[in-house]
């Protein structure tokens with residue numbers, strides 16, 4: 001069994017925060033691929049389904065971000081899931097909004113949710129770093145991540161989430177490169193298509 005974990009904070013007041021883009025992403029994966037209804041277990045909300053022929057557990061820890069590892073470890077222990085079969089989807093300050101990168105192993109780069117997961121299961125899991133941009137000053141980081149996306153940002157947020165949901169099976173298969181390529185193509189259609197559209201407009 002594989003496990004996809006979306007990071008965020010529980011509660012309607014946090015639902016559209018930049019910090020909650022991991023929650024948003026897994027919500028769309030569950031909806032798009034007709035997973036089972038969410039249920040509360042292991043200090044989180046969980047749903048089960050299949051991606052690319054593989055059985056997948058999706059989790060949203062409800063412990064608040066700083067204790068995410070507690071929920072992840074509890075579910076992994078029950079289902080006997082190995083760290084290498086876990087992928088965490090989370091917000092990333094050091095990537096521009098609308099960009100993402102997949103990484104396997106390595107440090108937590110100061111992200112409180114990842115720090116908690118590291119302390120419970122080690123660093124051998126995968127992660128999808130979803131860019132939300134940096135406010136430019138360290139003192140403004142907390143306010144930035146805990147603010148809702150603007151209406152302008154909502155456009156690329158939905159597009160990015162759609163791209164991730166469409167291609168989620170590739171994450172489970174471990175084809176990180178193709179996942180990144182397809183999501184990037186979804187965000188920016190091939191140049192020739194743009195050129196064709198431009199030529200049509202000028203006819």
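Each value in this text was obtained by applying a stated rule to the coordinates, not by laboratory testing. Source: prediction; values computed, not measured. Counting neighbours? That spans all protein chains shown, and the Cβs are built from the backbone with ideal geometry, glycine included.
Quick rundown of the values:
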item: The stretch 65-155: relative contact order in percent, alpha carbon pairs under 8 Å with at least 6 residues between; result: 39
item: Förster radius 30 Å - calculated FRET efficiency between residue 66 and residue 39, Cβ distance, rounded to 0.05; result: 0.80
item: Rounded tilt (10° steps) of 112-121 against the dominant C-alpha axis of the chain; result: 50
item: Residue among 90, 134, 43 with the largest mean-square fluctuation in a Gaussian network model of the chain, springs linking Cα atoms under 10 Å; result: 134
item: Helix 191-202 vs. the chain, principal-axis angle (Cα, 0 to 90°, nearest 10); result: 40
item: Calculated P(r) of the stretch 61-172 - Cα pairs past 23 Å, %; result: 33
item: Burial order of peptide ranges 22-30, 96-104 (average beta-carbon count within 10 Å, highest first); result: 22-30, 96-104
item: Answer label, with semi-axes √(5λ) of the Cα gyration tensor in Å calculated from the coordinates and candidates (i) 28, 21, 15; (ii) 35, 22, 14; (iii) 31, 19, 15; result: (i)
item: Beta bridges by DSSP in the stretch 2-202, antiparallel share as percent, to the nearest 5; result: 55
item: Residue order, fewest to most surrounding Cβ atoms within 10 angstrom, among 62, 77, 12; result: 12, 77, 62
item: Label-point separation, residue 77 to residue 159 (7 Å along Cα→Cβ), nm; result: 4.4
item: Between 0 and 90°, nearest 10: helix 176-187 axis offset from the chain longest Cα axis; result: 50
item: Segment residue 54-residue 182, length gained on full extension (0.36 nm per residue, minus Cα span); result: 44.1 nm
item: Most fluctuating residue given options 174, 136, 163, as computed from a GNM of the chain linking Cα atoms under 10 Å; result: 136
